[in-house]
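The values are calculated or read from the model by the stated rules, or taken from the named source; none is laboratory data. For clarity, every value in this text was computed on a predicted model and none was experimentally measured. Counting neighbours? That spans all protein chains shown, and the Cβs are built from the backbone with ideal geometry, glycine included.
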2 protein chains.
Amino acid sequence: MTEAQGPRPRPTLRDIATALGLSVNTVSRALGDKDSVSASTRAAVQAEAARIGYVPNTLARSLVLGSAMTLGLVITNPSNPFYAQLISSIELRVRAQGYSLLLLVTDESVENEQRATEALLRSAVDGAVVVPVQAEWDHWRRVRDSGIPLVFVNRDVPELDCDMVGVDYERGSYEATSHLIAGGARRLLLLEEDLPITTTADRITGFRRAMADAGLKVSDDQVRAVPTKRYDSLALPWQPEEAYRFAQTLLTDGHPDGVVTGNDYFALGLLRVLAERDLAVPSDVAITGYGDHPYAAYLQTPLTTVRLPAAEVGTTAVDLLLQRLRSSGERPRKTLIRPELVIRASAPHRQAITIDR
Amino acid sequence: MTEAQGPRPRPTLRDIATALGLSVNTVSRALGDKDSVSASTRAAVQAEAARIGYVPNTLARSLVLGSAMTLGLVITNPSNPFYAQLISSIELRVRAQGYSLLLLVTDESVENEQRATEALLRSAVDGAVVVPVQAEWDHWRRVRDSGIPLVFVNRDVPELDCDMVGVDYERGSYEATSHLIAGGARRLLLLEEDLPITTTADRITGFRRAMADAGLKVSDDQVRAVPTKRYDSLALPWQPEEAYRFAQTLLTDGHPDGVVTGNDYFALGLLRVLAERDLAVPSDVAITGYGDHPYAAYLQTPLTTVRLPAAEVGTTAVDLLLQRLRSSGERPRKTLIRPELVIRASAPHRQAITIDR
DNA sequence: GTGAAAGCGCTAACAG
DNA sequence: CTGTTAGCGCTTTCAC
């Protein structure tokens with residue numbers, strides 16, 4: 001019979017040291033691949049470490065080193081597919097660089113975000129990647145001022161001049177709009193989220209610019225804000241429902257011949273209303289989505305939409321953060337990554353439309 | 001002019017102590033709401049702490065307390081909407097209980113999972129919620145044996161008898177199948193993922209059991225495994241494509257009158273093939289999905305599907321884990337939460353079908 | 001009620 | 001090359 005099982009306390013450097021008749025610190029150096037250790041000692045130490053299953057205690061290590069080798073990720077809603085991909089790419093990159101990742105979900109709530117900053121401070125993360133709620137930012141200032149570098153992702157907080165990496169939403173919206181116009185649409189509509197965030201604002205700007213460049217005027221009622229709950233990550237994001245209800249009220253008198261939507265869910269709700277009204281897509285109304293969700297290509301009418309470079313955004317954000325950790329001096333960098341218009345049947349190429357005529 | 005800005009070192013207990021002429025440990029107790037401190041001292045300490053923006057150092061605290069107040073979440077793929085919701089619910093619950101959450105993404109790779117266990121051990125998490133890859137589990141044994149309680153989620157590793165909480169996939173599949181049969185389908189097909197995981201196996205069992213209970217025989221070619229890549233969380237999960245290709249080869253001779261699919265993406269791919277073949281849903285072929293993704297209700301033919309209780313699974317998992325942290329003695333508990341069949345047009349109620357006849 | 005001392009596990013100085 | 005000393009920031013004895 002050996003010892004009883006029971007989770008015995010985890011081995012420490014001292015266990016190895018006493019077992020081998022060495023000092024704790026020699027063991028530390030042997031394991032740390034420092035040079036000032038004889039080959040034989042190192043071998044013995046490593047053997048013993050392996051034998052007893054020694055795992056370094058990151059807590060103690062971090063305390064003395066002054067770095068937890070941990071980064072924070074503060075995100076609003078993992079159920080948004082774009083953010084889900086962002087999480088994956090960020091986690092991958094962070095881990096590849098030897099850091100751990102602390103996850104905080106804010107659910108678009110400022111209070112949650114404030115608590116998240118507390119957690120970041122307490123945990124003494126080395127830095128954080130943040131999708132800000134964008135309603136207040138004093139708590140972020142506090143984090144930054146206490147020496148924790150921040151990279152804002154997808155949405156910026158210009159007041160704090162931190163690094164930022166996002167998507168060129170304006171451009172994506174510009175291209176989608178221009179594409180509809182090139183396809184022959186003239187009476188356009190923009191269906192946007194009713195949220196006070198820059199992504200929405202940028203898409204509106206892109207829409208307006210594309211219209212202006214085509215010599216089309218934009219009246220106020222061509223830009224519609226769909227009543228949008230700041231949606232709950234615990235429930236499924238029922239945005240199609242909101243767009244569906246809204247679109248029902250939208251098409252009472254006449255109809256647009258092109259609709260740019262701010263996300264694929266809106267397009268989904270809109271498509272249903274159009275089907276109910278016997279309006280054909282794209283011949284009566286051409287539609288673009290935003291996001292290129294996995295289902296977009298497989299709808300009855302495959303959706304023309306703007307594909308977001310999620311992985312690239314995430315990777316870039318982590319890289320920026322790690323650079324910043326090495327040299328804090330440089331000026332903040334703002335990076336916008338260009339999304340890609342994916343053209344499918346809901347708003348096909350000009351030729352395809354022409355054939356229909 | 002005050003001091004230059006620059007991220008000065010974060011305040012410690014000693015800063016408060018010296019400022020107030022107290023000892024470090026009096027300050028500690030004052031902040032920790034211990035009783036053995038005079039009211040006036042406590043007030044002074046708290047005031048000073050607030051003034052200089054003191055934030056306790058979790059690292060140091062954890063080191064002496066022997067608990068990092070951190071739980072790990074090891075998950076395969078955040079881009080799977082079910083897991084995305086799981087992440088949200090788990091994070092919420094974990095944070096509500098005063099713990100932090102360390103996130104590890106494995107992308108269905110055993111190697112990543114093994115590295116994840118190393119990270120868990122180094123970080124000295126108090127416990128972990130794990131969606132296991134289910135190919136090997138020696139590394140999990142090691143974690144458990146070093147005293148870190150594990151709760152497996154969605155998939156079990158029975159060899160380790162840890163706590164487990166999942167979805168009753170078999171039942172969901174049974175209900176979906178029975179529903180199709182009740183609607184009049186007789187020539188049924190099951191389209192499943194080709195992955196060696198228990199969730200898939202359970203759904204197959206449920207299908208077979210429902211068929212048997214209805215007195216229907218199941219030949220081997222009625223259970224089809226769609227070639228499924230262990231899909232990449234960095235790319236979008238292109239499972240519709242796989243199901244689409246597969247379904248094209250499926251309907252060459254005759255067609256089933258009911259198809260149970262193992263996930264909503266398969267249903268999407270299948271729907272397209274059916275449309276291409278001019279087979280009507282549900283009158284020619286009734287279909288059920290699995291997962292109730294946000295788009296399911298908004299397809300041209302709204303999808304009857306099995307809704308997964310993601311939030312409940314996540315919350316339960318965390319609660320189990322925290323209980324286990326308090327009393328490690330009890331026997332492992334396995335909990336299956338029942339999913340809900342959501343009936344829509346792709347496989348309507350019996351009456352609706354009857355009317356069509 | 002408060003302070004002094006010790007230690008969590010580890011690493012960075014410095015001796016030898 | 002190796003050991004000793006010191007200390008990261010905090011909490012828990014135990015005196016006073």
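Could you look through the range A:292-316, keep only residues that are within 30 Å of A:Leu150 (Cα to Cα) and in contact with a Gly (Cβ under 9 Å, 6 or more places away or on another chain), and pick out the one that is surrounded by the most Cβ atoms within 10 Å (Cβ to Cβ)? Across the range A:292-316, the extreme among qualifying residues is A:Val306.
Being closer than 20 Å to A:Leu234 by Cβ, small (Gly, Ala, Ser) and either touching a residue at least 60 places away in the same chain (Cβ under 8 Å) or touching a Ser or Thr at 6+ places or on another chain (Cβ under 6 Å) (or both): is that true of B:Ala296 here? Here the answer is yes, as B:Ala296 does meet what is asked. Within the range B:33-52, can one find any residue that is small (Gly, Ala, Ser) and either within 14 Å of chain A (Cβ to nearest Cβ) or more than 16 Å from DNA strand C (Cβ to nearest atom) (or both)? Within the range B:33-52 (the criterion being small (Gly, Ala, Ser) and either within 14 Å of chain A (Cβ to nearest Cβ) or more than 16 Å from DNA strand C (Cβ to nearest atom) (or both)), the answer is yes, since at least one residue qualifies. Scanning the range B:129-148 for residues that are of a type outside the set (S, T, N, Q) and within 14 Å of chain A (Cβ to nearest Cβ) turns up B:Val129, B:Val131, B:Asp138, B:His139, B:Arg141, B:Arg142, B:Val143, B:Arg144, B:Asp145, B:Gly147, B:Ile148. The residues of the range B:129-138 that are of a type outside the set (A, V, I, L, M, F, W, C) and surrounded by 19 or more Cβ atoms within 10 Å (Cβ to Cβ), listed by number, are B:Pro132, B:Gln134. Which condition does A:Ile197 not pass, out of (1) closer than 25 Å to A:Phe82 by Cβ; (2) at pLDDT 90 or above, if it passes all the others? Going through (1) closer than 25 Å to A:Phe82 by Cβ; (2) at pLDDT 90 or above one by one, A:Ile197 breaks only (2). The residues of the range A:55-85 that are more than 16 Å from DNA strand D (Cβ to nearest atom), under 27 Å from B:Val64 (Cβ atoms), of a type outside the set (Val, Ile, Thr) and facing chain B (nearest Cβ under 10 Å) amount to a single one, A:Gly72. Within the bounds of the range B:152-168, is there any residue that is more than 14 Å from every other protein chain (Cβ to nearest Cβ), out of contact with any His (no Cβ under 6 Å at 6 or more places or on another chain) and within 15 Å of B:Ile287 (Cβ to Cβ)? No, that holds for no residue. For the range B:318-336, the condition holds for no residue, the condition being that it is more than 27 Å from B:Val157 (Cα to Cα) and buried (at least 23 other Cβ atoms within 10 Å of the Cβ).
Take the range B:270-291 and flag every residue that is free of Cβ contacts under 8 Å to residues at least 60 places away in the same chain and surrounded by fewer than 24 Cβ atoms within 10 Å (Cβ to Cβ). Answer for the range B:270-291, where residues must be free of Cβ contacts under 8 Å to residues at least 60 places away in the same chain and surrounded by fewer than 24 Cβ atoms within 10 Å (Cβ to Cβ): B:Arg272, B:Val273, B:Leu274, B:Ala275, B:Glu276, B:Arg277, B:Asp278, B:Leu279, B:Ala280, B:Asp284.
Take the conditions (1) of a type in the set (Gly, Ala, Ser); (2) away from DNA strand C (no atom under 11 Å from the Cβ); (3) not assigned by TED's automatic domain parsing to the domain that holds A:Ala119; A:Ser79 misses just one of them, which is (3). Pairing residues of the range B:11-28 that are charged (D, E, K, R) with residues that are part of a loop (DSSP other than H, G, I, E, B) and more than 6 Å from DNA strand D (Cβ to nearest atom), at Cβ distances under 8 Å and at least 6 apart in sequence or on separate chains, gives B:Asp15/B:Tyr54. Output yes when any residue across the range B:132-142 is in contact (Cβ under 8 Å) with a residue 40 or more places away in the chain and of a type in the set (Asp, Glu), and no when none is. No, there is no match, as no residue in the range B:132-142 is in contact (Cβ under 8 Å) with a residue 40 or more places away in the chain and of a type in the set (Asp, Glu). Scanning the range A:142-155 for residues that are of a type in the set (D, E, K, R) and within 15 Å of A:Glu113 (Cβ to Cβ) returns A:Arg142, A:Arg144, A:Arg155.
Residues that are of a type in the set (S, T, N, Q) and closer than 30 Å to A:Asp257 by Cα number at least 1 in the following strands (runs of 3 or more DSSP E) confined to the range A:272-357: A:286-288, A:305-307. Here the condition is being in contact with a strand residue (DSSP E or B) (Cβ under 6 Å, 6 or more places away or on another chain), outside the structural domain of B:Ser283 (by TED's automatic domain parsing) and in a loop (DSSP other than H, G, I, E, B); of B:Val125, B:Val129, it holds for B:Val125 alone. Being touching a residue at least 40 places away in the same chain (Cβ under 8 Å) and not in a loop (DSSP other than H, G, I, E, B) is a description that applies to B:Ala243.
Pick from B:Gly147, B:Gly254, B:Gly215, B:Gly184: which is surrounded by fewer than 19 Cβ atoms within 10 Å (Cβ to Cβ), assigned by TED's automatic domain parsing to the domain that holds B:Gln323 and part of a loop (DSSP other than H, G, I, E, B)? The match here is B:Gly147. Under the condition of being more than 14 Å from chain B (Cβ to nearest Cβ) and among the polar types (S, T, N, Q), the residues counted in the range A:241-257 number 2.
Within the set of pairs 6 or more residues apart or between chains, which connect a residue that is farther than 24 Å from A:Gly53 by Cα inside the range B:146-162 to a residue that is part of a loop (DSSP other than H, G, I, E, B) with Cβ atoms less than 7 Å apart? Listed by first residue and then by second, the contacts come to B:Val153/B:Val131; B:Asn154/B:Val131; B:Arg155/B:Val131; B:Arg155/B:Pro132; B:Arg155/B:Gln134; B:Arg155/B:Ile197. Taken as a whole, the range B:258-272 holds at least one residue that is within 14 Å of chain A (Cβ to nearest Cβ) and more than 25 Å from B:Glu175 (Cβ to Cβ). Remark: B:Ala96 matches the filter, which requires a residue to be small (Gly, Ala, Ser) and more than 8 Å from every other protein chain (Cβ to nearest Cβ). If you go through the range A:14-48 and keep only what is within 6 Å of DNA strand D (Cβ to nearest atom) and surrounded by 17 or more Cβ atoms within 10 Å (Cβ to Cβ), you end up with A:Leu22, A:Thr26, A:Val37. Is it true that B:Thr228 is free of Cβ contacts under 8 Å to residues at least 40 places away in the same chain and in contact with a helix residue (DSSP H, G or I) (Cβ under 7 Å, 6 or more places away or on another chain)? Yes; evaluated as a whole, the condition is true for this residue. Scan the range A:105-128 for residues that are buried (at least 21 other Cβ atoms within 10 Å of the Cβ), more than 7 Å from chain B (Cβ to nearest Cβ), out of contact with any Gly (no Cβ under 6 Å at 6 or more places or on another chain) and among the aliphatic types (A, V, I, L, M) and the total you get is 1.
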